[in-house]
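Inspection log for the structure reproduced underneath, given as structure tokens.
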Amino acid sequence: APLNILSFCENLIDEMRLNDQAQHQIRFEPEADVSEIRGYMDAKLMRQIFTNLLSNALKYSPAESTITFRIRQDQTHVYFEVQDQGIGIPESDQVRLFEAFHRATNVGMISGNGLGLAIVKQSVEIHQGQIQLTSHENQGTMVQVMLPLRPQDTEILD
Ligand code: ATP
Ligand code: MG
């Protein structure tokens, strides 16, 4: 059945807030018109995408800093943005981050396997969507995901 994207995101954000030891300000900003969107998306893959992006935002940004999660839509697509004010990613590291096991050079003691974004990218591609990362070192990172409301010919999403 089509997924109610707004309530899916609300539930996920609630979960992230409950598990966030570092007391970030997690802001959820859906545009007014998204309240009724339903999309042909796989709930498990959607969970993979947004738990990974939100946990990166939490992990790579200081305690109590602001993380903003936006959603908007048009006739054909839904657009998500996860933005943080964290350590950012040096430009030279940005190209390879969607490959498994690649981590940026500025992670310091923050632990990770370098798998999250590779999984996210695959899950986005299964939905015939697109992903884009914009980041400035020591300023923050924004990841944008665009997904079609009705992907074509994808058996996995039926
Ligand atoms: P895990 O497999 O546990 O997710 P990870 O977080 O290291 O480990 P990815 O989520 O794939 O792996 O991210 C790859 C790398 O991209 C990270 O190691 C980090 O260098 C960088 N990165 C990802 N998201 C952010 C972010 N929001 N802010 C700063 N750096 C980030
Ligand atoms: Mg990660």
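The lone criterion from (1) part of a loop (DSSP other than H, G, I, E, B); (2) out of contact with any Leu (no Cβ under 8 Å at 6 or more places or on another chain); (3) closer than 30 Å to residue 3 by Cα; (4) not hydrophobic (A, V, I, L, M, F, W, C) left unmet by residue 151 is number (2). If you check 108, 114, 140 for being of a type outside the set (Asp, Glu), loosely packed, with under 14 Cβ neighbours inside 10 Å and at positive phi, only one passes: 108. Only residues that are among the hydrophobic types (A, V, I, L, M, F, W, C), over 18 Å from residue 50 (Cβ atoms) and near ligand 1 (Cβ under 7 Å from one of its atoms): list them for the range 95-142, please. Hits for the range 95-142 are 104, 107. Of the candidates 75, 23, the single residue that is assigned to a loop (DSSP other than H, G, I, E, B) and either of a type in the set (D, E, K, R) or more than 17 Å from residue 127 (Cα to Cα) (or both) is 23. Among 157, 149, which is farther than 13 Å from residue 53 by Cα, modelled with pLDDT under 95, touching a strand residue (DSSP E or B) at 6+ places or on another chain (Cβ under 7 Å) and more than 9 Å from ligand 1 (Cβ to nearest atom)? Just a single option satisfies the conditions, and that option is 149. Just one of the listed residues (64, 29) is of a type in the set (D, E, K, R), farther than 30 Å from residue 149 by Cα and not in a helix (DSSP H, G or I), namely 64. If I filter the range 33-53 for residues that are surrounded by 19 or more Cβ atoms within 10 Å (Cβ to Cβ), within 16 Å of ligand 1 (Cβ to nearest atom), more than 16 Å from residue 144 (Cα to Cα) and among the polar types (S, T, N, Q), do I get at least one hit? Within the range 33-53, not a single residue is surrounded by 19 or more Cβ atoms within 10 Å (Cβ to Cβ), within 16 Å of ligand 1 (Cβ to nearest atom), more than 16 Å from residue 144 (Cα to Cα) and among the polar types (S, T, N, Q).
Inspection of the range 77-86 finds no residue satisfying the criterion of being touching an Asp or Glu at 6+ places or on another chain (Cβ under 9 Å), crowded, with 20+ Cβ neighbours inside 10 Å and at pLDDT 95 or above.
Restricting attention to the range 52-82, the residues being closer than 19 Å to residue 130 by Cα and polar (S, T, N, Q) number 5.
The values are calculated or read from the model by the stated rules, or taken from the named source; none is laboratory data. Keep in mind it's a predicted model, so treat the numbers as computed, not measured. Positions of Cβ are backbone-derived with ideal geometry, glycine not excepted, and every protein chain shown enters the neighbour counts.
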